[in-house]
1. Would you rank Asp199, Asp176 by solvent-accessible area, highest first, keeping every protein chain in place and using a 1.4 Å probe?
2. Using a 10 Å cut-off on Cβ atoms, rank the peptides 306-315, 364-373 from the highest mean neighbour count down.
3. About its Cα centre, how strong a charge dipole does the chain have in debye, to the nearest 20, once Lys and Arg get +1 and Asp and Glu get -1 at the Cβ?
4. Go ahead and run the numbers for FRET between Arg269 and Ser419, Cβ-Cβ distance against an R0 of 22 Å, rounding to 0.05.
5. Students often forget the sequence filter, so: which lysines lie under 18 Å Cα-Cα from Lys2 once same-chain residues fewer than 8 apart are removed?
6. Under a 5 Å amide H to amide H cut-off, with H placed in plane at 1.01 Å, what residues pair with Gly286 once short-range neighbours are removed?
7. Using the alpha-carbon centroid of each, what span in Å lies between the range 179-245 and the range 123-165?
8. So how far apart, in nm, are the two label points at Ala321 and Glu230 if each is 7 Å from Cα heading toward Cβ?
Amino acid sequence: MKPVRVGLCGLGTVGSGAVNVLKRNAAEISARAGTDIILQQIGARRDNPACDTSDLAVTRDIFDVARNPDVDVVVELIGGTTVAKELVETAISHGKHVVTANKALIAEHGNELFQLAEAKGVTIAFEAAVAGGIPIIKALREGLSANKIQWLAGIINGTGNFILTEMKNKGRDFADVLKEAQAKGYAEADPTFDVEGIDAAHKLVILASIAFGMPLQFDKIFTEGISAIEPQDLANAEELGYRIKHLGIARQTEQGVELRVHPTLIPRRRLIANVDGVMNAVLVKGDAVGPTMYYGAGAGAEATASAVIADLVDMARMSTAAPESRVAHLGFAAASLREQEILPIEEVTTAYYLRMIIEDHPGVLNKITQILSDSGISIEAVIQKENEEEDEEGEPSPVPLILLTDRAQEKKLLEAVESIEALDVLLGEVTHIRVETLG
Ligand code: HSE
């Protein structure tokens with residue numbers, strides 16, 4: 001087999017990790033690929049002291065790499081969706097395969113890029129785009145290909161998981177933990193992508209399309225971040241036997257597909273509830289295999305480089321295969337992909353955690369439970385602590401009330417919350433966090 005000549009664009013965290021792993025493990029990687037994988041050219045605006053490129057051909061213009069006739073595969077690690085898209089299009093138009101870690105690019109422009117690649121007989125590989133080093137794309141596209149996937153749920157943003165874990169375990173401040181995640185190279189260039197769930201939404205859209213055989217539909221996903229989670233919510237969840245994780249959930253239902261990213265209470269006894277720090281995990285339920293779980297580092301230089309290089313090894317192995325016998329981009333032959341209705345969040349049914357501040361008078365609890373009961377929502381658990389505080393007039397101070405409800409449609413729950421918020425005994429708004437058992 002001919003060696004695979006790689007043009008690597010971008011020498012940031014993942015790019016430098018890829019150079020280091022390709023050099024360090026060159027012998028193992030070549031032995032597995034059945035041929036050498038050669039770093040033919042690097043395209044980067046500046047060097048990165050985290051890797052040594054003194055023995056490599058480096059250009060400051062990444063488009064030189066995409067047009068280089070001596071490059072077979074372009075590795076896009078520059079991020080973003082404008083220049084990166086142009087780079088990938090240029091590489092494809094020059095007949096090159098592409099490997100990318102860019103989830104935003106695939107989630108938002110994958111449909112058109114895959115079409116472009118298929119027309120040119122080349123492939124775009126994107127294992128590193130979802131859950132860092134975990135081979136979840138390969139598992140879904142190949143390992144689980146016998147199954148109807150029923151649902152999947154994942155912790156797919158390392159930064160967010162790192163923040164929630166540190167807040168829960170060490171009582172650390174949100175902003176302080178975020179700074180540490182940025183210093184460690186976990187966070188996105190714009191960290192609001194991590195904490196507001198956009199990064200997880202990009203990844204979930206990709207997973208859901210592969211799981212359910214539908215085109216990518218990033219504009220349909222419901223996204224809620226973790227910036228409103230308070231330390232008291234993490235503590236209350238523990239008291240109720242749950243843990244709060246920022247999950248991406250995709251579920252096939254008879255009415256359509258649920259596609260949502262939001263903080264979620266999950267039972268503490270579940271394996272995934274104990275996935276901490278920057279680690280990611282994806283639970284996939286197939287009709288034949290049952291529940292399966294994939295766990296590993298979701299961010300970081302070499303963990304993500306591991307997935308990039310696995311794609312290069314696949315490229316080497318398939319280099320002699322006809323395009324129609326390669327694994328399809330979304331695991332289903334392009335002609336078999338079908339649009340599916342994505343359910344609006346109001347139509348999704350889950351259980352709920354509710355937190356509110358109420359005046360401490362007789363009958364208040366009754367008024368609130370009555371509203372929920374009138375909406376057909378039953379209560380599973382309550383936390384209300386004895387109140388020993390008084391204000392200046394000797395009146396009892398307001399107290400927090402925590403409720404765990406049974407499953408209800410979000411539309412019904414929101415109506416009930418609106419009625420509760422209209423009560424004069426309520427101070428401020430009701431916080432609601434969705435609850436899933438993942439059983
Ligand atoms: N910012 C991402 C994360 C990097 O924290 O998971 C990996 O995609």
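1. So the residues, ranked largest to smallest area, are Asp176, Asp199.
2. Final packing ranking: 306-315, 364-373.
3. Numbers: 41 positive and 64 negative charges, 561 e Å.
Using Cβ point charges on Lys, Arg, Asp and Glu, the chain gives about 2700 debye.
4. Numbers: r = 34 Å, r/R0 = 1.54.
With R0 = 22 Å, the Cβ-Cβ based efficiency is 0.05.
5. Straight-line reach from Lys2, under 18 Å: Lys96.
6. For Gly286, whose amide H was placed from the backbone, the distant partners under 5 Å are Gln150, Thr292.
7. That distance is 13 Å.
8. Simple spin-label model gives 5.3 nm for this pair.
The values are calculated or read from the model by the stated rules, or taken from the named source; none is laboratory data. The structure displayed is predicted, hence computed values, not measured ones. All Cβ positions, glycine included, derive from the backbone under ideal geometry; neighbour counts span all protein chains shown. The protein model used for the area step is the full one, side chains on, heavy atoms only, and it has no ligands, DNA or RNA in it. Shrake-Rupley method; radii C 1.70, N 1.55, O 1.52, S 1.80 Å.
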